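The values are calculated or read from the model by the stated rules, or taken from the named source; none is laboratory data. Note that this is a predicted model, so its numbers are computed, not measured. Heads up, the Cβs are rebuilt from the backbone with ideal geometry, glycines too, and the neighbour counts pull from every protein chain shown.
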Amino acid sequence: MNRVNTSMVAALSLVVALLFSTSALAQPIKRDEIFAYLAKNGPKRGTDKAPVTLIEFSDFQCSFCRKFWQTTLPLLDKKYISTGKLKFIYRHFAVLGKSSEVAAQGVECAGEQGKFWEYHDKLFASAGSPLAFTDGKLKGYAKEVGLKSQAFNQCLDSGKHLKKVEGETAIAGLLGARGTPAFFLNGQLLVGAQPFEVFESLIEEELKKLASSGKPKP
């Protein structure tokens, strides 16, 4: 496991441990600290300097997650991400069974080769097909997006990213997510594949608040 993923698993495990801790010696961890960590280290689209951060907790088998990817994310990308106003972070909320967990591990393996988003898009594009996330299909997608097959197959077979997937899924639940997809826009929970207009309204509201305060979010 590379250093980045080792650190991610360790940090997520620590967050879970702290949130469940009843020790009087332990300092309660703040939600803002969790969001700051999730926003800093996850696969992202957009610049770190964007004033608004949208974190998605998603499952590749979820039809509503696929709908968000198909209809809303491209509009967000065009109006806010590409213009430097929004940073989009993807996190796992793999709650629909083993196939969801394996698909999530697959995209992490693709990320090791610098193609997280290409594989992410391939998974959602293929999700409507029967048995879309079998072991053979996942390895086939890797070839289609130009990954080195041997390295990807070894990564997927090893299960090295399972703890990361489980950790992020646990964090989603602890933050209050009860269904997929779940979003946190500057910490505000939004559940379901809401239309673009809902995100647009909330983002504009955040931008106005930050402008009026004179303290843009770093």
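What the table below lists for this structure:
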| quantity | calculated |
| --- | --- |
| Residues of region 111-151 classified as crowded, with 17+ Cβ neighbours inside 10 Å, among the charged types (D, E, K, R) and in a loop (DSSP other than H, G, I, E, B), total | 1 |
| Residue under evaluation Phe184, criteria (1) surrounded by fewer than 20 Cβ atoms within 10 Å (Cβ to Cβ); (2) over 13 Å from Asp59 (Cα atoms); (3) touching a strand residue (DSSP E or B) at 6+ places or on another chain (Cβ under 6 Å), criterion not met | (1) |
| Residue match in region 29-41 (condition: in a loop (DSSP other than H, G, I, E, B), more than 19 Å from Tyr90 (Cβ to Cβ) and at pLDDT below 80) | yes |
| Lone unmet requirement of (1) more than 14 Å from Glu56 (Cα to Cα); (2) surrounded by 18 or more Cβ atoms within 10 Å (Cβ to Cβ) for Phe93 | (1) |
| Options Leu12, Leu19: the member that is in a helix (DSSP H, G or I), modelled with pLDDT under 95 and within 14 Å of the chain's Cα centre (by Cα) | Leu12 |
| Members of region 96-110 that are touching a residue at least 24 places away in the same chain (Cβ under 8 Å) and surrounded by fewer than 21 Cβ atoms within 10 Å (Cβ to Cβ) | Leu96, Gly97, Ser99, Val102 |
